[in-house]
Amino acid sequence: AQSVTQLDSQVPVFEEAPVELRCNYSSSVSVYLFWYVQYPNQGLQLLLKYLSGSTLVESINGFEAEFNKSQTSFHLRKPSVHISDTAEYFCAVRRKAAGNKLTFGGGTRVLVKP
Amino acid sequence: NAGVTQTPKFQVLKTGQSMTLQCAQDMNHEYMSWYRQDPGMGLRLIHYSVGAGITDQGEVPNGYNVSRSTTEDFPLRLLSAAPSQTSVYFCASTRGSGTGDEQFFGPGTRLTVL
């Protein structure tokens, strides 16, 4: 079985400051890695994913995440946050041979302050 | 496309009552899943379906039933509600099991069991 740990449950950050959300996973087999975002009172939306190839992946709204196989991590970063980035962020993994079953971390709530 | 829709948005039940949470998708997706979201625990898979007539258990299936008679609909039934089932429930769908296939989430149903 696999598990996902998000090390910070809440991250307050000032507008235009950088933010890093940490995600570590454990799995005995190869996995795909995902970050989802949940804005207040909404469902989850895919932010970015790592399937293969370059270990650095980017989203259209300025987030990036780097897959580090040796450290089993997939940390999410943004160099300058906006108020609109206030949301909860979930890291998730999916075993390569397990269809579409996702295992989620506990979530990190990001509060961007003006 | 409406995407993934869920009804109701909110529901309050008394212990022992039964009810059905509705989920529908109009994207002709094969895979559908039900998750529950609890604070600090992320999303946990309850049941999933890989196509009409085929369902299987996820991580936390006890107290829930599902069926998949059509591609579009995937209702979740609570047989005898308990306070431990107070949660936010999300339905999700995916086109298939391909590596790049994204899960699309509904807006959620907030359930309180008294």
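What residues in the stretch B:41-79 lose 20 Å² or more of accessible surface when the other protein chains are added to their chain alone (1.4 Å probe)?
SASA drop of 20 Å² or more in the stretch B:41-79: B:GLY42, B:LEU43, B:LEU45, B:TYR48.
Just to be sure I understand the curve: with the Debye formula and one point per C-alpha of the protein assembly as shown, what is log10 I(q)/I(0) at q = 0.07, 0.11 Å⁻¹?
-0.22, -0.55
Would you mind counting up the charge near A:TYR32? Only other residues with Cβ under 12 Å from its Cβ, with Lys and Arg at +1 and Asp and Glu at -1.
+3
Counting only heavy atoms of the protein chains, get the accessible area per residue of chain B (1.4 Å probe) and round it to a whole Å² value.
Counting only protein heavy atoms, the per-residue value for chain B is 46 Å².
Tell me the total accessible area that A and B bury against each other, 1.4 angstrom probe, in square angstrom rounded to 100.
Separately minus together, A and B give about 1600 Å² buried.
On the protein heavy atoms, probe 1.4 angstrom, tell me the percent of accessible surface of the stretch A:3-113 carried by carbon and sulfur.
48 percent
Quick one: in the stretch A:1-104, what % of C-alpha pairs are over 21 Å apart?
31 percent
Please compute the alpha carbon radius of gyration of chain B, then divide it by the globular-protein estimate 2.2 N^0.38 Å. Two decimals is fine.
Against the empirical 2.2 N^0.38 Å value, I get 1.00 for chain B.
How high is the FRET efficiency between B:ALA52 and A:PHE14 when r is their beta carbon distance and R₀ equals 45 Å, given to the nearest 0.05?
Computed FRET efficiency for B:ALA52 and A:PHE14 comes out at 0.35.
If you wrap a convex hull around the C-alpha atoms of the stretch B:68-114 and split its volume per residue, what is the figure in Å³?
97 Å³
Using 1/(1 + (r/R0)^6) with R0 = 30 angstrom and r between the beta carbons of B:ASP38 and A:THR55, what's the FRET efficiency to the nearest 0.05?
0.40
Using R₀ = 22 Å, calculate the FRET efficiency as 1/(1 + (r/R₀)^6) where r is the Cβ-Cβ separation of A:ALA1 and B:ARG95; round to 0.05.
0.30
The values are calculated or read from the model by the stated rules, or taken from the named source; none is laboratory data. The structure presented is a predicted model; accordingly, all values stated were derived computationally and were not measured. Cβ: placed from backbone, ideal geometry, glycine included. Neighbour counts: every protein chain shown. Protein only, heavy atoms only, side chains kept; ligands, DNA and RNA dropped before computing areas. Shrake-Rupley method; radii C 1.70, N 1.55, O 1.52, S 1.80 Å.
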